[in-house]
Protein chains: 2
Amino acid sequence: MHADPEVVVLRLGHRPGRDNRMTTHVGLTARALGADRVIISGAASGSKGTIEDITDRFGGPFDAELTEEPRGVIRGFEGTVVHLTMYGLPIQAVESEVRSDHEEGSLLVVVGAEKVPFDVYERADYNVGVTNQPHSEVAGLAVFLDRLFEGRELEREWDDATHRVIPKAIGKQVEPT
Amino acid sequence: MHADPEVVVLRLGHRPGRDNRMTTHVGLTARALGADRVIISGAASGSKGTIEDITDRFGGPFDAELTEEPRGVIRGFEGTVVHLTMYGLPIQAVESEVRSDHEEGSLLVVVGAEKVPFDVYERADYNVGVTNQPHSEVAGLAVFLDRLFEGRELEREWDDATHRVIPKAIGKQVEPT
């Protein structure tokens, strides 16, 4: 978030068509829960467009980018690389260490679709499991970010929004800003 | 989880085809992060089957059910009804109250797809927003469950698994149990 060192989410292995909604949800979750940018590997212009539309309406700053060279993004990243995987070390065991690293510099959070190449496991500074159960990369990313920021992301302010939601006990209220 | 009063996730508004993967991810997230059951409204036998396959392999107890009468499920539920929605009250404001209610009895967590009928907002004891930003019902459910259980779900033991993942700093290790 904003004042902290940057948090970037890299979505690997996007398969056009099949993964469109999951990739959109990865990007929107990254935005809503405090990351600064999402980079999507592959032909995901539809997801990128949806994420940008939401940012235009509900605020930023938040960037969505596409890459054809995800390995280059990981290799060239100056900071700590976290790979979220059900095979990794339990988040509750490593989160305070990751948090300390993030106080010192930027964080790249790698989120796969299906098979992730083995060199990603090797390059990552942390392979982290949000449980060692199969579930959802969106769920894993959400819990990871909420724990990384220790809830501060829920209080985030948004710039340049045209609309905002007014929290309500019952019903829906959206106002122009 | 197990010893606690039951936590049931109700997935509303499943659209066959379009929502298959999101609904599967809702169910797998419910299982992995400590809920006892998922009830899916609509023709989601594929998602139900995938969730059951994972439970057969990686353990339970966890049940997946289908319903054609989601309103009846909500109306007849004996316990507290929480509806996750970006229009609701901030999770950080209501979570301790919800946690207290769950110490006393069961919890139904309602997760929508697109439009949720207004009577769900009215019937819910809590309309809760995991941020007031548009993102993902899977992400919202994940953060909600992690906060409800205060991380205890990450230490859960699984019964009757045929396989389990051994957490590793690098690589993948799956063993028969």
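Computed with a 1.4 angstrom probe on protein heavy atoms, the B-A interface buries about 4600 square angstrom of accessible area in total.
Between the listed residues A:VAL98, A:LEU108, A:ILE166, the Cα displaced farthest toward the positive end of the dipole of segment A:47-177, a dipole computed from Cβ unit charges relative to the Cα centre, is found at A:ILE166.
Inter-chain neighbour count for A:25-33: the average number of beta-carbon atoms from partner chains within 10 Å of each residue's beta-carbon is 6.
Loop sites only, by DSSP: take the GluC sites (Glu not before Pro) in chain A that have at most 16 other C-beta atoms within 10 Å and name the longest stretch containing none of them. Here the longest segment lacking exposed loop sites spans A:7-67.
Kirkwood radius and radius of gyration were both taken over the C-alpha atoms of chain A, and their ratio Rg/Rh is 0.96. Segment A:46-92 and segment B:65-80 have their alpha-carbon centroids 37 Å apart. Determine the relative contact order of segment A:7-176: mean sequence separation of Cα pairs under 8 Å and six or more apart, normalised by residue count, in whole percent. Reported relative contact order: 28 percent.
Beta bridges assigned by DSSP with both partners in the protein assembly as shown are antiparallel in approximately 15 percent of cases.
The angle between the Cα long axis of helix B:20-32 and the longest principal axis of the Cα atoms of chain B comes to about 70 degrees, rounded to the nearest 10. Taking other residues whose beta carbon is less than 11 angstrom from the beta carbon of A:THR177, and scoring Lys, Arg as +1 and Asp, Glu as -1, yields -1. Which residues' amide hydrogens lie under 5 Å from the amide hydrogen of A:ALA161, considering only partners 5 or more residues apart or on another chain, with H built in the peptide plane? Residues meeting the criterion, in which the H sits 1.01 Å from N, are A:GLY60. If you average the C-alpha positions of segment A:10-42 and of segment A:111-177 separately, how far apart do those two centres end up, in angstrom? After rounding, the separation between the Cα centres reads 10 Å. When you work out D = kT/(6 pi eta Rh) for the protein assembly as shown at 20 °C and 1.002 mPa s, using the Kirkwood radius from C-alpha pairs as Rh and the Stokes-Einstein form, the result is 105 µm²/s.
Accessible area per residue, 1.4 Å probe, Å², for the protein assembly as shown: what's the number?
Ligands and nucleic acids excluded, the result is 41 Å² per residue.
Charges were assigned to the Cβ only: +1 to each Lys and Arg, -1 to each Asp and Glu. The resulting dipole of chain A about its Cα centre is roughly 820 debye. Give me the percent of accessible area attributable to carbon and sulfur for chain A, probe 1.4 angstrom. Carbon and sulfur atoms account for 47 percent of the accessible area of chain A.
In segment A:7-176, the DSSP beta bridges split such that about 15 percent are antiparallel, to the nearest 5. Taking θ as phi - 60° and the Karplus parameters 6.51, -1.76 and 1.60, the scalar couplings of segment B:133-147 work out to 10, x, 9, 8, 5, 5, 5, x, 4, 4, 5, 4, 5, 4, 6 Hz in sequence order, x denoting glycine and proline.
Residues considered: A:ILE54, A:ILE39, A:ILE166. Largest GNM mean-square fluctuation over chain A, using C-alpha springs under 10 Å, is found at A:ILE166. Place a label point 7 angstrom from the Cα of B:GLN92 along the Cα-to-Cβ direction, then list the residues of segment A:145-169 whose backbone nitrogen is under 11 Å away. The answer is A:149-157.
To test your reading of the geometry: what angle, between 0 and 90 degrees and rounded to tens, separates the Cα axis of helix B:45-58 from the longest principal axis of chain B? Roughly 40 degrees between the two axes. Rounded to the nearest 20 debye, the dipole magnitude of segment B:1-100 is 400 debye, with +1 charges on Lys and Arg beta carbons, -1 on Asp and Glu beta carbons, and the Cα centre as origin.
The values are calculated or read from the model by the stated rules, or taken from the named source; none is laboratory data. Keep in mind the model is a prediction, meaning the values are calculated, not measured. In this analysis, Cβ positions are derived from the backbone assuming ideal geometry, glycine residues included, and neighbour counts consider all displayed protein chains. These accessible areas exclude ligands, DNA and RNA; they are computed on the full protein's heavy atoms, side chains included. Shrake-Rupley method; radii C 1.70, N 1.55, O 1.52, S 1.80 Å.
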